[in-house]
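Since the structure comes first, as C-alpha cells, the remarks are kept for the end.
The values are calculated or read from the model by the stated rules, or taken from the named source; none is laboratory data. The structure presented is a predicted model; accordingly, all values stated were derived computationally and were not measured. Don't worry about glycine lacking a Cβ; one is built from the backbone with ideal geometry, like all the others, and counts go over all protein chains shown. Quick note on the areas: whole protein, heavy atoms, side chains included, nothing else; ligands and nucleic acids left out. Shrake-Rupley method; radii C 1.70, N 1.55, O 1.52, S 1.80 Å.
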Amino acid sequence: MAAASSRRLLRAASLAAFLAAGCSHQPSAPTSTGDATPVPTGTLHGIVRDAIPTASGAPVAGVFVQVLDQSGAGPSTTTDANGEYRLSGIPQNQTLQLRVSRDGYQAASKSVALSGDDGSADVLITPIVVSVFGVVTEAPPSQAPVAAAVLTIVSGSKKGWTYSADGAGAFRLDSVWGEFDVSVARAGYDTITAHVVAYSGLPVTVRMTPQAGRVSVAFAGSLCTTEKLPPWLNCTAPFERTHVLSITRPGPVALTVDYVYVGDYYVNSLMLDIRCGSRVVAQKKFVKQWEAPPTVMPDNVVGTFEVALNEACEYDLRLWNFVADTKGGSQTTYRVAAAYA
C-alpha cells in the first residue's frame, strides 16, 4: 500500500515538473540570412567642353551636371571656371545617366558606369550659334558713336577672332555662342574689355573713354602741280594724296596747313577735303601769293581753319589740285596738323 502511494506521488511530481518546464519555454528568434549588403560608392569627375569642329573645344563654365540612377535621382553640381566637375557618392558597378545643361547650349547626356573608387567622364555640349549686334559709343555724358573700333574675342572657343565696328560704331559678331569676353580698341580711347552673353538676344553697348589731352595727328608729303608742265620740267610726286585721320569723334577740329611755294611770282593754290567715305564734309582752298618771302593770304587765317565734324566717322584728308607757278618749279612739300579745337 505504501509502495503504491509512493509511485503515485512520484508520477505527480514528474508531471508537474514537465508542465512547469513547458509553460516557461520561450521560442528563440530565427537566424537572419537576408541582411542587405551596402552598395560601394565612388567619385566621378570630368570636363565639359564646347562641341565644335576643332581638335578641342574650350571648357564651359556654369554647366549643371547631374548623375541619375534608375530611380531618376542622384547628386548634382556645376562646372567651375575651367569647365571641371566632381561628384561623390556615385554607386559603383551600375549603369547611370550623366546629364549636362546650360543656357545657350543643347542639353546632353551619356551613360556612365563607375567600376572603382574614382572615375572620369568628359562631356561635349553643343552650343546654339547666334549673331550678336551692338554699338560702340563714348562714355557718358557724350555717348557719341565711336567709328571703326576693333573688337577681339579674348576668351572661349573663338578666342583670337576679330571684328570691326563701322563708321557709326555699329558691329555684328557672327557665329558666336555662350559667354565670352571681347577687347575693344580704338586710337584715342582707353581699351576696354566687355563681357558678352550671346544667348541673351540683347544688343551689346560698349562705352569707351577718350584718352586725356588733345587728340591730334600730323601728316607730311609732296604733290605735283596739275598745271601743264613745260618741257624742261618733270614731277615724280602724285597729283593727290589721302591720309586717314585717327580722329573719329564728333566735334570741332582745327587744321593747320602749310606748303612750299613753287615759282617766283604770281600765286599757288592747294585744295584740301575732309571726307567721310566718299562724301566731302568740308573743303578749303589754300592760296599763297608771291611776295618776299611768300606768305599765306589773310583769307586762310594764317594757315589754320576750324571745321565742325558732326558725326562719328572714319574721316580722311585729301590734298589735291595743287596749282603752281611752274616757271620756278613743279613740286611742293606740305604738312597738315589736325587736332580737336
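Observations on the model:
- Close pairs from segment 192-203: first within 17 Å of Ala139 (Cβ to Cβ) and part of a strand (DSSP E or B), partner charged (D, E, K, R) and modelled with pLDDT of 95 or more, Cβ under 8 Å, at least 6 apart: Thr193/Asp181; Ala194/Asp181; His195/Asp181
- Here is the figure for segment 252-270: residues that are open to solvent by less than 20 Å² (accessible area, probe 1.4 Å) and assigned to a strand (DSSP E or B) total 7.
- When segment 177-227 is filtered for residues that are of a type in the set (Lys, Arg) and buried (at least 19 other Cβ atoms within 10 Å of the Cβ), only Arg186 remains.
- Test: residue in segment 256-267 that is at pLDDT 85 or above, within 50 Å of the chain's Cα centre (by Cα), of a type outside the set (S, T, N, Q) and more than 30 Å from Arg186 (Cβ to Cβ): yes
- Of all residues in segment 110-131, those being open to solvent by 70 Å² or more (accessible area, probe 1.4 Å), in contact (Cβ under 8 Å) with a residue 60 or more places away in the chain and of a type in the set (Val, Ile, Thr) number 1.
- Within segment 76-106, the set of residues being open to solvent by 40 Å² or more (accessible area, probe 1.4 Å), part of a strand (DSSP E or B) and in contact (Cβ under 8 Å) with a residue 40 or more places away in the chain comprises Arg86, Ser88, Gly89.
- Any pair with Cβ under 6 angstrom, 6 or more apart, that starts in segment 234-253 at a residue that is among the small types (Gly, Ala, Ser) and ends at one that is at pLDDT 85 or above and in a strand (DSSP E or B): Ala237/Ser222; Ala237/Leu223; Ala237/Cys224; Ala237/Gln331
- Residue that is nearest to Gln106 (Cα to Cα), among those in segment 150-162 that are open to solvent by 30 Å² or more (accessible area, probe 1.4 Å) and out of contact with any Asp or Glu (no Cβ under 8 Å at 6 or more places or on another chain): Lys159
- From Ala147, Ala73, residue being surrounded by fewer than 20 Cβ atoms within 10 Å (Cβ to Cβ), assigned to a loop (DSSP other than H, G, I, E, B) and not charged (D, E, K, R): Ala73
- Segment 88-128, residues that are under 30 Å from the mean Cα position of the chain (by Cα) and among the hydroxyl-bearing types (Ser, Thr, Tyr): Ser101, Tyr105, Ser109, Thr126
- Every residue from segment 179-229 that is among the basic types (Lys, Arg) and under 30 Å from Tyr340 (Cα atoms): Arg186, Arg207, Arg214
- Residue among Asp166, Asp190, Asp174 that is of a type outside the set (A, V, I, L, M), under 24 Å from Leu309 (Cα atoms), modelled with pLDDT of 90 or more and out of contact with any helix residue (DSSP H, G or I) (no Cβ under 6 Å at 6 or more places or on another chain): Asp166
- Within the option set Ile47, Ile52, being modelled with pLDDT under 85, within 17 Å of Leu124 (Cβ to Cβ) and surrounded by 15 or more Cβ atoms within 10 Å (Cβ to Cβ) holds for one residue only, Ile52.
- When Ser183, Ser222, Ser157 are screened for being hydroxyl-bearing (Ser, Thr, Tyr) and closer than 30 Å to Gln331 by Cα, only Ser222 passes.
- Gly134 meets all of the listed conditions (1) in a loop (DSSP other than H, G, I, E, B); (2) within 34 Å of the chain's Cα centre (by Cα); (3) buried (at least 17 other Cβ atoms within 10 Å of the Cβ) but one, namely (1).
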